[in-house]
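Working notes, beginning with the structure itself.
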Amino acid sequence: MLGEFINPYYLQVASFILINIILGLSIYVTLSSGQLSLGSAGFMGIGAYTSALLTINFDLPIIAGIIAGALVAGILGILIGIPSLRLQGVYLAIATLGFGEVIRVFFVNWESVTKGAVGISNIPHIGREIFRMLRDSGFDPGVLGLKNNQFVFLTVFILLLIVNIFVVWFLIRQNKSRVGRAFASIKMDEKAAEAMGINITYYKVLAFTQGAVLSGFAGALYAHVMAYISPADFAYHRAVEILIFAVFGGSEVIWGAIFGAAFMTTMPEVLRFISEYRYMIYGLVLIVMMAFRPQGIIDAQVLDWFKKRKLPKRRVDHGSSNQKHL
Amino acid sequence: MILEQLINGITLGSIYAIVALGFTLVFGVLGIINMAHGEIFMFGAFIGVIMTSTLGLPIWVAFLAAIIVTAILGYMLERFALRPLRGKQGVSHLAPLISTIGVSILLENVSHHLFGAGNHPFRNAFADISFQIGSITIYLVQILIFVISILLMMALSYWLSKTKAGKALRATAENLETASLLGVNTKKIIVLTVVIASAMGGIAGILVGMAFNSVNPQMGLSMGLKGLAIIILGGMGNVKGAMAGGLILGLSETLIVAYGDSGYRDAIAFIAIIIILMLRPQGLFGQKTTEAGR
């Protein structure tokens, strides 16, 4: 039966991979317009805390909490993004890093609301809430041959998978659109892009805000999957970890961030002895990648190579779609 | 009371200034923000702990050892994280930043494994010696820290403005290619800059150990981030700005702890950065250039 194949632990790891993919994509979007933001951990924290507090204190449904979390992060993204436009390169990186630290310090100190360094527990869990709803309407996971907790983790996984597919689809569509090409041209050369009539203010804030929304969204999901959050979850280390996803996997193509997030989340789980040295390895990865392959493992050439290998088999139906984005 | 707080603030501020000088030197010459500087500083502090508390050696040996170890770390940083990126085609200006973030994470966790996570006390013979002047208590340690910082800053200013190597360094900071054409060995100058900056970080580490009597692997991060705040406050690559910025931050932090909410102490630096970057991106003491903000 289905039940024998489903291990809650694997599903849990898979769910983390999916959340991390969204985080990796949030860095990717901002980088695709040539901006490096180290504030993703801060935005993630905003999303997580907003959603957790709204669902706990005001009994909002989880989905409303998550949307609110992403929106609040997005609004803060606009507020930070507009003045940050005057800053380029390293200055933006430092300002966003500073923003992340300020957010964390506020979470620690605003004890009446955030419970300080202890963190918030008993956040409604997405899977369990859905399970309770279904059970109330007379559904029994035994029909599928699943135990209760298997069903809970399976729902979380499927939900996150759907969300991920939607986000990736959206970003791929966007890359081929006017917006995506504007991002790419700004990344190549800002002055040239401006001379070509691209409104760089608008597109840079757009990219920055999209990154903030994605981070906040992932943070809100994280809160409802973990059911516990604390300020330490959104500290500098988290920002570096998210940066690693994009830098290691490849920051030029969507698949790079996805691969990076998946690989970097799986590695410490598969090789248990590694997890103790996890951050040391992260550090080495950053140094080595910058020295030898600054664009990351997967770049456009690697993708082309994959396509070429597939091409001879299905030349007919792939030929025309390949032409489009060359 | 206020006078005592001012003295505490100046002590703290002079340490901040030394940390910030390390950032400023590297940024001035290489145009790189060295995110690993805070961790090199933390290593210096740990060397101090090992020398004085564990081995029971006098404090000057600790200074010497910290300078040597951090200078070596600085050389390795330049050799393995910065040099491979230099002069390579198509490397974005973000690459050295990311690479030094890698070094910082690596060093922090190496020291976590070597020294353990907790706080290490920093014992020294004169920790409790203090003077009473009127109603004010001044500790000998505070005077020592202040004097060492001032001496260090004066030595650096003299070295930068009067010696041949200092002039070569400033020429390199001005324009690397032109300096190289005029016969400055820029490769050597770059190594020298990173090594000197790191050694200053090591000295600052021991000073912090003496001032707060506790050393832990996480202190590098918070100090590094504050150093960043200071150089933005004072203007990037501006030596005098770094000194002034350090004093301003040290004083405002002490005053906040004394008269406000101590929990927000670590946030001041960043709120200041964000405000400064918005209003005056070239920093308080920086000059506006066409490249400002780049």
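Could we say that residue B:30 is surrounded by fewer than 24 Cβ atoms within 10 Å (Cβ to Cβ) and under 23 Å from residue B:243 (Cβ atoms) here?
When the stated conditions are applied, residue B:30 passes them.
With the structure loaded, tell me whether residue A:130 is at pLDDT 85 or above, more than 10 Å from every other protein chain (Cβ to nearest Cβ) and surrounded by fewer than 23 Cβ atoms within 10 Å (Cβ to Cβ) or whether it fails that test.
no
Just give me the residues in segment A:126-152 being in a helix (DSSP H, G or I), free of Cβ contacts under 8 Å to residues at least 12 places away in the same chain and farther than 23 Å from residue A:52 by Cα, in sequence order.
A:135, A:136, A:141, A:142, A:143
What helices (runs of 4 or more DSSP H) completely inside segment B:179-267 contain at least 2 residues that are surrounded by fewer than 20 Cβ atoms within 10 Å (Cβ to Cβ) and within 14 Å of chain A (Cβ to nearest Cβ)?
The helices (runs of 4 or more DSSP H) meeting that bar are B:239-259.
Confirm whether residue A:168 is over 26 Å from residue A:16 (Cβ atoms) and either out of contact with any Gly (no Cβ under 7 Å at 6 or more places or on another chain) or polar (S, T, N, Q) (or both).
no
How many of the residues in segment B:44-62 are over 16 Å from residue B:217 (Cβ atoms), surrounded by fewer than 21 Cβ atoms within 10 Å (Cβ to Cβ) and of a type in the set (A, V, I, L, M, F, W, C)?
5
Do we have residue A:155 as part of a helix (DSSP H, G or I) and free of Cβ contacts under 8 Å to residues at least 60 places away in the same chain here? Before you say what the answer is, go through the steps one by one.
Working: part of a helix (DSSP H, G or I): yes; free of Cβ contacts under 8 Å to residues at least 60 places away in the same chain: yes.
Against the criterion (part of a helix (DSSP H, G or I) and free of Cβ contacts under 8 Å to residues at least 60 places away in the same chain), residue A:155 qualifies.
Applying the selection to segment A:133-182, what residues are polar (S, T, N, Q) and either closer than 24 Å to residue A:226 by Cβ or at pLDDT below 85 (or both)?
A:137, A:148, A:149, A:150, A:155, A:164 - these are the residues of segment A:133-182 that are polar (S, T, N, Q) and either closer than 24 Å to residue A:226 by Cβ or at pLDDT below 85 (or both).
Between residues in segment A:188-203 that are among the charged types (D, E, K, R) and residues that are assigned to a helix (DSSP H, G or I), which pairs lie under 7 Å by C-beta distance while being six or more apart or on different chains?
A:190/A:200; A:194/A:200
Suppose we filter A:76, A:97, A:71, A:54 for residues that are in a helix (DSSP H, G or I), touching a residue at least 12 places away in the same chain (Cβ under 8 Å) and facing chain B (nearest Cβ under 9 Å); which single one remains?
Result of the check over A:76, A:97, A:71, A:54: A:97.
Only one of (1) touching a residue at least 60 places away in the same chain (Cβ under 8 Å); (2) within 12 Å of another protein chain (Cβ to nearest Cβ); (3) of a type outside the set (Val, Ile, Thr); (4) part of a helix (DSSP H, G or I) fails for residue B:43. Which number is that?
Checking residue B:43 against (1) touching a residue at least 60 places away in the same chain (Cβ under 8 Å); (2) within 12 Å of another protein chain (Cβ to nearest Cβ); (3) of a type outside the set (Val, Ile, Thr); (4) part of a helix (DSSP H, G or I), the one that fails is (2).
Is it the case that segment B:80-99 has a residue that's within 19 Å of residue B:34 (Cβ to Cβ) and more than 11 Å from chain A (Cβ to nearest Cβ)?
Yes, segment B:80-99 contains a residue that is within 19 Å of residue B:34 (Cβ to Cβ) and more than 11 Å from chain A (Cβ to nearest Cβ).
Against the condition farther than 30 Å from residue B:131 by Cβ and either touching a Lys or Arg at 6+ places or on another chain (Cβ under 6 Å) or assigned to a helix (DSSP H, G or I) (or both), how does residue B:77 come out, does it pass? Quick ask: steps written out before the conclusion?
On the way: farther than 30 Å from residue B:131 by Cβ: yes; either touching a Lys or Arg at 6+ places or on another chain (Cβ under 6 Å) or assigned to a helix (DSSP H, G or I) (or both): yes.
Yes.
Hey, among A:240, A:213, which residue is away from every other protein chain (no Cβ under 14 Å), in contact (Cβ under 8 Å) with a residue 40 or more places away in the chain and either in a helix (DSSP H, G or I) or touching a Cys at 6+ places or on another chain (Cβ under 8 Å) (or both)?
Testing whether each residue is away from every other protein chain (no Cβ under 14 Å), in contact (Cβ under 8 Å) with a residue 40 or more places away in the chain and either in a helix (DSSP H, G or I) or touching a Cys at 6+ places or on another chain (Cβ under 8 Å) (or both) leaves just A:213.
The values are calculated or read from the model by the stated rules, or taken from the named source; none is laboratory data. Small disclaimer: the values here were computed from a predicted structure and weren't measured. In this analysis, Cβ positions are derived from the backbone assuming ideal geometry, glycine residues included, and neighbour counts consider all displayed protein chains.
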